[in-house]
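The values are calculated or read from the model by the stated rules, or taken from the named source; none is laboratory data. It should be emphasised that the depicted structure is a prediction, and the values quoted were computed from it without experimental measurement. Cβ: placed from backbone, ideal geometry, glycine included. Neighbour counts: every protein chain shown.
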Amino acid sequence: MLIDVHAHFFHARTPRADWRERNASRLTAGEKIGITAHVASILGSFGFTSPTYFPSPRDVTAGNDALLALQRAHPDRIRGYVCVNPNYTAHARAEIVRCLDAGMIGIKLAASRRADDPLLDPIAVLARDRRVPVLQHIWQHRRRDWPGQEASDAVELCALAWRHPDVAFILAHIGGGGDWQHSLHAVRDVANIYVDLSGSGVDGGMLEACLASVGVDRLLWGSDITMDTGWAKLRYLEALLSPQDAELVRWKNAARVFPPDAFQAD
Amino acid sequence: MPRIDCNAFLGAYPWRKVPGTSPDGLLQALGRTKIDVAWVTHLPGLFWRDPTEGNAWLYETARKEKRFKPVPTLHPALPSWERVLADAVTAKAPAVRCDPLYLGLDPAGGEMRALATACGAARMPLMLAVRLEDGRQRHPNDRVAELPAAAVRALIRSDRAVRLLVTHADHSFIEEVHFGSTPDEARRIWWDISWIWGPPEDHLARLLDTIGTDRFVFGTGQPLRLPETSVAKLDLLDLSPERRRAIECDNLQALAVA
């Protein structure tokens, strides 16, 4: 088995005229790579009618509906994170309940509000109650604000994780930009933070540093928007690790973090 | 047919710890990824005031290991740089490299144009990197700008014989240069695939369709980047054996012997 814990799909109400091709490409590449489950999110309208990282409640709902439709169309391959904007607390909590009840298996927090902000607490409480993980978009060592997002870094995610020790948090795309060494230092001793290996970054030494920081038990495989780099990191890890340890990263850690019935066996 | 990596380095990187930078380390990576030959540059030298001081070690290392082909570094603002180019020709180097911004040079200025002309006359490909690392993660003191696409257009126009091998370029950079050049100019530029995205964005597939297989070569940027990436992105394409061989070998061999 191979579980991609960080995937995205598009839909008709996004700026991408090629959204069908991109979705099809992900599934086709997934077949070649051997991905058993794409655990995906849709960030509202991806900028079409509200900003990607600050999606309006209406776009959040539309994006989640599109993902639920994809999950129904590909029940053997696609699983969903419910994406929410924590600035709209009531809507976010209602959306989480609605989408988890409909079969989604996790919560996606992008960059609408800093990870250590109290507005994330009611979402974390719901994650604990429903026993689902939270995938938090991270800018590895954010030294300043970046346009278009209120990005968080690992230190800010750690603050949230300390407040909610019974929730599994996934630090998104360690290879997704920024100083990954800073993140790995920050999360080393925070046992309820898992590191998602996705992102376009394929730096020599990064995977060794991940193993040294959090160990093989807290690594999750993912691709995000570059599946070639995801596959490369998997290939390298399989050269580094024993087959048993590689299985942990491929799927067993994910199977432990997500709800028990989230994935079908091969 | 061998798989040739045109974009590999030997030696330590000054900005962070990188494993596998020794000749033995690189050989292990070549074995792991079934790469037969690597065109190698002395990595620390890129950051030295006189980068050519790394070339002697590079030649010696390549003499001992047939799988390494030396790509020595030039600095066209240092006296007697022409002799460094002549040495590269004598050593049958497949290319020479110059990363002008790391040397504090105008990337399309007089020194670089003189180098382009000399490389054209010597029938020696000139290699340039757009970047070595993702700009979002570089060391706070690593502030060298990335190579601009305009500089590549200016260099290819500066001499009718110069041939450029550009590494670490993304799809938009490549498209800007390719479609901002005449067909004759574009035919004298080769691009390594190390920084081009595969699925689901499918930038590499699109470039092979719009620009053509003959302009692309296999490169990895190892050991700064995992060489598995370039292999994986080819494995994810539905390429005929002939087109794949062109990227992994034939195009580079044609470039080196032209």
Could you check, for region B:109-128, whether at least one of its residues is acidic (Asp, Glu), modelled with pLDDT of 95 or more and under 28 Å from B:Leu226 (Cα atoms)?
-> no
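Condition check ((1) more than 9 Å from chain A (Cβ to nearest Cβ); (2) out of contact with any Leu (no Cβ under 6 Å at 6 or more places or on another chain)) across all residues:
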| site | (1), (2) |
| --- | --- |
| B:Ser172 | yes, yes |
| B:Glu176 | yes, yes |
| B:Thr182 | yes, yes |
| B:Ala186 | yes, yes |
| B:Pro199 | no, no |
| B:Asp209 | yes, yes |
| B:Thr220 | yes, yes |
| B:Pro223 | no, yes |
| B:Pro227 | no, yes |
Qualifying positions in region B:154-182 - in a helix (DSSP H, G or I) and crowded, with 19+ Cβ neighbours inside 10 Å = B:Leu155, B:Ile156, B:His171, B:Phe173, B:Ile174, B:Val177, B:His178
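One line per residue, one yes/no per condition, for (1) among the aliphatic types (A, V, I, L, M); (2) under 22 Å from A:Glu238 (Cβ atoms); (3) more than 14 Å from the chain's Cα centre (by Cα):
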residue: B:Phe173; (1), (2), (3): no, no, yes
residue: B:Glu176; (1), (2), (3): no, no, yes
residue: B:Ala186; (1), (2), (3): yes, no, yes
residue: B:Trp191; (1), (2), (3): no, no, no
residue: B:Leu204; (1), (2), (3): yes, no, yes
residue: B:Thr210; (1), (2), (3): no, no, yes
residue: B:Arg245; (1), (2), (3): no, no, yes
residue: B:Leu252; (1), (2), (3): yes, no, no
residue: B:Leu255; (1), (2), (3): yes, no, no
Scan A:Trp162, A:Trp231 and give me the residue that is assigned to a helix (DSSP H, G or I) and under 18 Å from the mean Cα position of the chain (by Cα).
-> A:Trp231
Being in a loop (DSSP other than H, G, I, E, B), away from every other protein chain (no Cβ under 14 Å) and without any contact (Cβ under 8 Å) to a residue 24 or more places away in the chain, is that true of even one residue in region A:52-73?
-> no
A:Val187 passes all but one of the listed conditions (1) of a type in the set (A, V, I, L, M, F, W, C); (2) surrounded by 20 or more Cβ atoms within 10 Å (Cβ to Cβ); (3) within 29 Å of A:His74 (Cβ to Cβ); the exception is number (3)
Candidates A:Ile174, A:Ile170, filtered to the one that is closer than 18 Å to A:His137 by Cα, touching a residue at least 60 places away in the same chain (Cβ under 8 Å) and either part of a loop (DSSP other than H, G, I, E, B) or more than 7 Å from chain B (Cβ to nearest Cβ) (or both) = A:Ile170
Do any helices (runs of 4 or more DSSP H) lying entirely in region B:189-258 carry at least 3 residues that are under 30 Å from B:Trp15 (Cα atoms), and which ones are they?
-> B:228-235
Residue check, B:Arg206 against (1) surrounded by fewer than 21 Cβ atoms within 10 Å (Cβ to Cβ); (2) touching a residue at least 40 places away in the same chain (Cβ under 8 Å), all met but one. Which one?
-> (2)
Go through (1) of a type in the set (D, E, K, R); (2) in a loop (DSSP other than H, G, I, E, B); (3) under 20 Å from B:Gly198 (Cα atoms) and name the single condition A:Arg13 misses.
-> (3)
Just name the residue that is farthest from B:His168 (Cα to Cα) out of those in region B:6-56 that are aromatic (Phe, Trp, Tyr) and within 19 Å of the chain's Cα centre (by Cα).
-> B:Trp48
When every residue in region A:14-47 that is surrounded by 17 or more Cβ atoms within 10 Å (Cβ to Cβ) and farther than 28 Å from A:Leu219 by Cα is compared, the one nearest to the other protein chains (Cβ to nearest Cβ) is A:Trp19
Evaluate region B:134-146: report whether one residue or more is assigned to a helix (DSSP H, G or I) and either crowded, with 19+ Cβ neighbours inside 10 Å or touching a helix residue (DSSP H, G or I) at 6+ places or on another chain (Cβ under 9 Å) (or both).
-> no
The number of residues in region A:209-254 that are within 13 Å of another protein chain (Cβ to nearest Cβ) and over 24 Å from B:Thr220 (Cα atoms) is 1
Inspect all residues belonging to region A:191-205 and state whether any of them is free of Cβ contacts under 8 Å to residues at least 40 places away in the same chain, within 14 Å of chain B (Cβ to nearest Cβ) and among the β-branched types (Val, Ile, Thr).
-> yes
Residues located in region A:10-53, provided they are β-branched (Val, Ile, Thr) and in contact with a Lys or Arg (Cβ under 8 Å, 6 or more places away or on another chain) | A:Ile35, A:Thr36, A:Val39, A:Thr49
Of all residues in region A:87-97 being of a type outside the set (Asp, Glu) and more than 19 Å from A:Gly47 (Cβ to Cβ), the one that is surrounded by the fewest Cβ atoms within 10 Å (Cβ to Cβ) = A:Ala90
Please list, ordered by first then second residue, the pairs with beta carbon atoms under 6 Å, 6 or more apart or interchain, first in region B:1-14 and in contact (Cβ under 8 Å) with a residue 24 or more places away in the chain, second among the acidic types (Asp, Glu).
-> B:Pro2/B:Asp36; B:Arg3/B:Asp36; B:Arg3/B:Glu248; B:Cys6/B:Asp192; B:Asn7/B:Asp192
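Residues checked against (1) under 22 Å from A:His185 (Cα atoms); (2) hydrophobic (A, V, I, L, M, F, W, C); (3) outside any loop (DSSP other than H, G, I, E, B):
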position	(1), (2), (3)
A:Leu100	no, yes, yes
A:Gly103	no, no, no
A:Lys108	no, no, yes
A:Asp116	yes, no, no
A:Pro122	no, no, yes
A:Leu135	yes, yes, yes
A:Arg142	yes, no, no
A:Asp145	yes, no, no
A:Gly148	no, no, no
Residues within region A:195-228 that are touching a Pro at 6+ places or on another chain (Cβ under 8 Å), closer than 16 Å to B:Asp134 by Cβ and assigned to a helix (DSSP H, G or I), tallied = 1
Tally the residues that are in a helix (DSSP H, G or I), touching an Asp or Glu at 6+ places or on another chain (Cβ under 7 Å) and within 11 Å of chain A (Cβ to nearest Cβ), restricting the search to region B:1-55.
-> 1
